[in-house]
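Reviewing the structure listed below.
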Amino acid sequence: MPVLIEAPGTVEAEQSVQVRAQVTGAAGVQFKEGLREGGQLLFQIDPRTFQASYNQAQAALARDRAQLENARASSSGWSRCSSASSSRGRYDVG
């Protein structure tokens, strides 16, 4: 026959874990303490930080492509000048 004793007390878990987002920008924790099922949402990530970084990278890429096109245009202009002056056999100095 089981013996039942009722008394006030505190229960402490035998094992516990810390759950943290792997990226910065967690806008909100979507869970409470307790057991969780697999696949449940734990954090809500604020996409604005990542969108701003993406937009900045896209702008840098556009800038770099424009600089490349300018360099190519400048380079082809210099090569035409160089070939024209060398075919005449003289160089202007000064």
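Between Asn55 and Gln15, what FRET efficiency follows from the Cβ-Cβ distance if R0 is 41 Å, with the result rounded to 0.05? Present the calculation step by step, with values, prior to reporting the outcome.
Details: r = 43 Å, r/R0 = 1.06.
That pair, Asn55 with Gln15, gives E of 0.40.
Near Ile45, the amide H atoms lying under 5 Å from its own belong to Ala27; only residues 5 or more places off or on other chains count, and H is placed 1.01 Å from N. Take the Cβ atoms of Glu33 and Leu4, set R0 to 35 Å, and the FRET efficiency comes out at 0.80.
With a Förster radius of 35 Å, plug the Cβ-Cβ distance of Ala71 and Thr24 into 1/(1 + (r/R0)^6) and report the FRET value to the nearest 0.05. Could the numbers behind the result be given before it?
Details: r = 37 Å, r/R0 = 1.05.
The computed FRET efficiency comes out at 0.45.
Every number in this text was worked out from the coordinates using simple rules, so none of it is lab data. Computed from a predicted structure; not experimentally measured. Using ideal geometry, Cβ is built from the backbone for each residue, glycine included, and neighbour counts are taken over all protein chains shown.
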